[in-house]
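Before any comments, here is the structure.
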Amino acid sequence: MDQSEIINLWKAYDRKLEASLMLNKSNAIEITRLKTKSLLSSMTPLKIFTIIVGMLWVGIGGTIVVNLFVHAYASVSPFFLYSAAFQLLLTAIGIGIYLYQLVLIHQMDITDTLIKTQKRLTQLKSSTLWVARILLLQLPAWTTFYWSMDLIKSGHLPYIFLNSVVTLLAIAVSLWLFINIRYENREKKWFKLIFEGKEWTPVIKAIELHKEIEAFERE
């Protein structure tokens, strides 16, 4: 075997090796895309369940509250009416965000471009943070719905003071969470306590897998 044949064999081997590496890279990207889709799809059942329960809650509760506003406003505590209306409004907004997230997950396709996938993952991450912020604003409503004008007029100062402190604390906590629930705080203990689970973990893992795909593409 002369030198030219050896060189040709070497070049042929080099081409096969390069083709094999490209195939492995393509397979790795495809598998990672499938994992990303699977992670996001795992969020769907819980979101559908939450939407159904939320719609029932808002539908039934909204009907009751509207009827009370229209037919029994003078005889029902305004604290109850406005607290319930506030809670139901925020729940309805939360349901809307969940529906938006379902659309995003459904639109996610393993054949999408990296830019399109990244955009949808960013929207999913951002909307997950927003729905938590909005729903946690409900906290004060759960501390005022049982108040009544009779309680205020009774002059029972210790009870009024205690309830006022609880409500003010709930307002402070809900506003603090609304301001501080940000992606930059994801490593903090309180953040993990709120977000660990099917609502958040799949999104973060999907983002990490997307970064792996970007790294493969750059190689």
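Numbers at a glance
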{"item": "Selection status of Leu81, out of contact with any Phe, Trp or Tyr (no Cβ under 7 Å at 6 or more places or on another chain) and among the hydrophobic types (A, V, I, L, M, F, W, C)", "result": "no"}
{"item": "Subset of region 124-140 (residues that are assigned to a helix (DSSP H, G or I), of a type outside the set (A, V, I, L, M, F, W, C) and farther than 12 Å from Trp176 by Cα)", "result": "Lys125, Ser126, Ser127, Thr128, Pro140"}
{"item": "Filtered residue count, region 61-109, keeping only those that are outside any helix (DSSP H, G or I), surrounded by 16 or more Cβ atoms within 10 Å (Cβ to Cβ) and within 29 Å of the chain's Cα centre (by Cα)", "result": "1"}
{"item": "Residue satisfying all of: in region 111-140; surrounded by fewer than 16 Cβ atoms within 10 Å (Cβ to Cβ) and of a type in the set (A, V, I, L, M, F, W, C); farthest from Thr36 (Cα to Cα) among these", "result": "Ile115"}
{"item": "So Thr167, is it in a helix (DSSP H, G or I), over 12 Å from the mean Cα position of the chain (by Cα) and touching a residue at least 60 places away in the same chain (Cβ under 8 Å)", "result": "no"}
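For every residue, the table says whether it meets (1) modelled with pLDDT under 95; (2) not hydrophobic (A, V, I, L, M, F, W, C).
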{"residue": "Met55", "(1), (2)": "no, no"}
{"residue": "Pro78", "(1), (2)": "yes, yes"}
{"residue": "Leu88", "(1), (2)": "no, no"}
{"residue": "Thr91", "(1), (2)": "no, yes"}
{"residue": "Leu104", "(1), (2)": "yes, no"}
{"residue": "Thr111", "(1), (2)": "yes, yes"}
{"residue": "Leu114", "(1), (2)": "yes, no"}
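The values are calculated or read from the model by the stated rules, or taken from the named source; none is laboratory data. All values reported here derive from a predicted model rather than from experimental measurement. In this analysis, Cβ positions are derived from the backbone assuming ideal geometry, glycine residues included, and neighbour counts consider all displayed protein chains.
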